[in-house]
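To keep things clear, I will list the structure first and then write my remarks on it.
The values are calculated or read from the model by the stated rules, or taken from the named source; none is laboratory data. Fair warning: this is a prediction, and the values are worked out from it, not measured in the lab. Quick reminder, even Gly has a Cβ in these numbers, built from the backbone with ideal geometry, and neighbours come from all protein chains shown. Heavy atoms of the whole protein, side chains included, go into the accessibility calculation; ligands, DNA and RNA do not. Shrake-Rupley method; radii C 1.70, N 1.55, O 1.52, S 1.80 Å.
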Amino acid sequence: MSDYNHCAIEKKWQKIWAKNKIFESKENSSQEKYYCLEMLPYPSGNLHMGHVRNYSIGDVCARFNRMKGKNVLYSMGWDAFGLPAENAAIKNKIHPAKWTKQNISCMKEQLKALGFSYDWSREIATCDAEYYRWTQWLFIKMWEKGLVFRKSANVNWCPSCKTVLANEQVSNGLCWRCNSQTEHKDLEQWFIKITSYADELLYGHKHLQGWPEQVLLMQKNWIGKSCGTEIGFWIAGRDKKLKIFTTRPDTIFGVTFMVIAPEHELINEMKSQIVNYDKVSEYVLASSRKSNKERSSSKEKTGIRLEGVNAINPATEKEIPIFTADYVLTGYGTGAIMAVPAHDQRDWDFAKKYNVPIIEVIKGNNFGVNNCAYEGEGNLVNSGQFNDIKSTEAFDRIAQWIQEQGFGKQTVNYKLKDWLISRQRYWGTPIPMIYCKDCGIVTVPEKDLPVLLPEDVKFTGEGDSPLKTSKTFVHVKCPKCGKDAQRETDTMDTFVDSSWYYARYCDVHNNDAVFDSSKLNYWMPVNQYIGGIEHASMHLIYARFWYKFMRDLGIVKDDEPFAKLLTQGMVTLGGSAMSKSKGNIVSPDEIIPRYGADTLRLFILFAAPVEKQLDWSSDGIEGCWRFINRVWRLFYIVVNTKSVEVACQKDKDSLLKLMHQTIKKVTCDIGEKLQLNTAISFIMELVNALYVYKYHSNDDGLSLKVYETVILLMAPFTPHLCEELWQKLWHSDSISTHAWPIFDENTIKESYVEIPVQINGKLKGKITVPTDAQELEVKNIINTDNKIMLHLEGKQMLKFLYIKNEIVTIVVKNL
RNA sequence: GCCGAGGUGGUGGAAUGGCAGACACGCGAGACUCAAAAUCUCGAGUCGCUUUGGCGGCGUAUGGGUUCAAGUCCCAUCCUCGGCACCA
């Protein structure tokens, strides 16, 4: 008997898999396809347990479906552009491309050491020119479709470095490099009109039955469609209106003040009328230093009145004050609200603080009690001709009245904003646009793609986009008129790169087109997408949007890219997510030398259900190591041990039954429920049963058959071990492509079931009854059960309930 | 603040409204051993009672509710985590 040598076994099989190319896949219209996809990683340089978990789940799906006879596409790539590479360039004077390539090669080695069954011939990196060439091509198509536009937008700005900062580069309002107070600044930016697809992104949810409900809900709230009314409030004594959006037109008679965002143009326009302009502009400056999150999360709302400027409530025709307050954000609606303190808690608190009148317009029971606004429904009061009407009914009638009177109109509003994709950075896909004095904005012709990132760039962390420092990049001839022109020096948000990579996997090496649609249509949609829940509302909306755009371009045929989604839980260390930037990483390199990849994979899947957060601890890995060794030793027991006793039929029957039950449960847990932790525990139970079973090698091959089943069921989890044992069991094929075991429903069927008997909700005994027994039969059995009858003695039976094969429950009272 | 999750033994976790704690970790006992490790087998939520066969109370963050029956459904509260648009 030889010891389990994971190092040798894992290296051996990784070599064989690579040599025989068994995971490379080709389109085959006669075979059912299965596309398994994991969210592509950022090449930070080191795999952590979050990655290991993500890809272990994916590999189980891929391997399981391969054994089920499907043609599996399973690939890996790198979301290789992004901020950290540029930060490394600034700090360590290493070129972002070099840094990224080093990281990729390290992480690729780690992935290979884990034995994931990727088709490495399809690997991509979004920073490779043959990839970003097509990102640029798609961007140009988007421009041609009218989905790209330029507008001014707010960015974080460090006045000392004179550079744009990412949110991550600002902490507590200070610059990451020089600790200066940062500001907000408006810059001309590139946007993609994702809002054109807002409705479709929302209604498309009905095709996403394979998605978790919580993700759909988060997306729904993110898109934030609300039907309401846009109303213009006259500025008193001016020929000017202040436009607001409200979802509560029924409360218009209760509007006692207005609030506008500090960035609202009205402040500048009314500068000379605002009596306390100095104080107002002080407030505006202070809020420009806060992040949106800070602005909306402070419990105590602050604001300041624009003295000397009033609005007129169109319903009451009364003058009302206007405030500016930073809890009103400029990006949503019109950047201004009508405030109804009586029926909105935030407005109530604000009105109390700044001494604004509160007028009740909907009658409620506990109006004002405990300093609470009444946010429920009721009949209208103080509302002129609408008094005594129910608020639900008044909603439509007042909205209609507002429209008739010309105060405003019914409209739809979304929280979803257009997608700001330009970055003033080097390490991203260059935006393929040219500025010509005569022709304006001109796209780079297709034949000139890709627009390559230049090498001669300085990384200082200061000043404008680094691309401007290149001598070769900026100056170019206008493709239209041939005169001197300048290239766009902004690059794209990395979310653009990761919005379409799954499509490129279908046809990675295509040099003539973004992909061949026939290949894409064979593989898409992705059958199972796996990634972190943190991507619920950004990446997963961007990717869905991009796919719909490609459909409208005529190069893909479905509406949705991902049929099923699994949002895996975070792996945390000490409660917070593992990430290189936080420095709380546990690498697989710390585990594999001692325990092997198979043990690590098994452990991370066994430790918790896949969708739940998992706080990393290596306690318990010993258990998986022991289990794998048990399986290894079982080979010698099953093959060699000569039992003295002859196999007894009853034990044989129950072992066979357990085997079929286990196949059924494991197949269901992997294939349907994706409950991998319980799938593993069922296999453990079967292994335990094989250890207790006494008749190995003396039972006409039953235990050998059960053992082979164990190896097959484990193959997706611990592939190296299973390949090795499969070979030791005299098989010449690879277990990775061997057929998944099937179960027999007749063998599983039990003829008797044990069911609990409850009396007044307490468990008092158990009885064994024939499967599917009728109530009368069960009553007779209970009548012969002394223990239960003892509990019923001297009691009056009020209720007798029997749920077939489940439970008997009896309700009694004392006589 | 807003949106979305989660909270079950000493620990990770299991449980279509129907026997709470499967499977593991850790712990304890036994077997094997000169001994130890490894291995194999067995035990255990907790408190109390016990004639040592068991019996009873209490138990799924907290407080209410629905139900013959609640970890699971409803309402409220507390705590932890994820996201909030330039980290990816």
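Worth a mention:
- Elements of the type helices (runs of 4 or more DSSP H) sitting completely within region A:1-113 and holding at least 3 residues that are out of contact with any Cys (no Cβ under 7 Å at 6 or more places or on another chain) and within 16 Å of RNA strand B (Cβ to nearest atom): these cover A:49-67, A:83-92, A:96-113.
Residue-by-condition table, conditions (1) within 16 Å of RNA strand B (Cβ to nearest atom); (2) in a helix (DSSP H, G or I); (3) open to solvent by less than 20 Å² (accessible area, probe 1.4 Å):
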residue	(1), (2), (3)
A:CYS178	no, no, no
A:ASP186	yes, no, no
A:GLN189	yes, no, yes
A:GLN214	yes, yes, no
A:LEU217	yes, yes, no
A:LYS220	yes, yes, no
A:ILE252	no, yes, yes
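- Pairing residues of region A:766-787 that are basic (Lys, Arg) with residues that are exposed (fewer than 11 other Cβ atoms within 10 Å of the Cβ), at Cβ distances under 7 Å and at least 6 apart in sequence or on separate chains, gives A:LYS766/A:GLU754.
- Hits in region A:394-425 (condition: under 19 Å from A:GLU188 (Cβ atoms) and part of a loop (DSSP other than H, G, I, E, B)): A:LYS417, A:ASP418, A:ILE421, A:GLN424, A:ARG425
- Considering only residues in region A:751-762 that are within 45 Å of the chain's Cα centre (by Cα) and over 19 Å from A:ASN783 (Cβ atoms), the one that is nearest to RNA strand B (Cβ to nearest atom) turns out to be A:GLY761.
- Here A:LYS409 passes the criteria (1) farther than 30 Å from A:THR229 by Cβ; (2) away from RNA strand B (no atom under 16 Å from the Cβ) except the one numbered (1).
- Test: residue in region A:107-121 that is at pLDDT below 95 and within 19 Å of A:THR494 (Cβ to Cβ): no
- Qualifying position, being open to solvent by 50 Å² or more (accessible area, probe 1.4 Å) and part of a loop (DSSP other than H, G, I, E, B), among A:GLU282, A:GLU300, A:GLU294, A:GLU307: A:GLU300
- Conditions (1) within 24 Å of A:GLU750 (Cβ to Cβ); (2) exposed (fewer than 11 other Cβ atoms within 10 Å of the Cβ); (3) within 13 Å of RNA strand B (Cβ to nearest atom); number of the one not met by A:LYS799: (1)
- With respect to the conditions (1) exposed (fewer than 15 other Cβ atoms within 10 Å of the Cβ); (2) of a type outside the set (Phe, Trp, Tyr); (3) over 22 Å from A:PHE603 (Cα atoms), A:VAL638 falls short on a single one, namely (1).
- Condition check for A:LEU202: within 28 Å of A:CYS506 (Cα to Cα) and surrounded by fewer than 20 Cβ atoms within 10 Å (Cβ to Cβ): yes
- The residues of region A:455-466 that are open to solvent by 10 Å² or more (accessible area, probe 1.4 Å) and touching a residue at least 12 places away in the same chain (Cβ under 8 Å), listed by number, are A:GLU455, A:ASP456, A:VAL457, A:PHE459, A:THR460, A:GLY461, A:GLU462, A:GLY463, A:ASP464, A:PRO466.
- Total residues in region A:474-487, condition part of a loop (DSSP other than H, G, I, E, B) and open to solvent by less than 10 Å² (accessible area, probe 1.4 Å): 1
- Check on A:GLY69, open to solvent by less than 10 Å² (accessible area, probe 1.4 Å), within 28 Å of A:ILE22 (Cβ to Cβ), small (Gly, Ala, Ser) and over 24 Å from the mean Cα position of the chain (by Cα): no
- Scanning region A:11-58 for residues that are open to solvent by 10 Å² or more (accessible area, probe 1.4 Å) and among the acidic types (Asp, Glu) yields A:GLU24, A:GLU27, A:GLU32.
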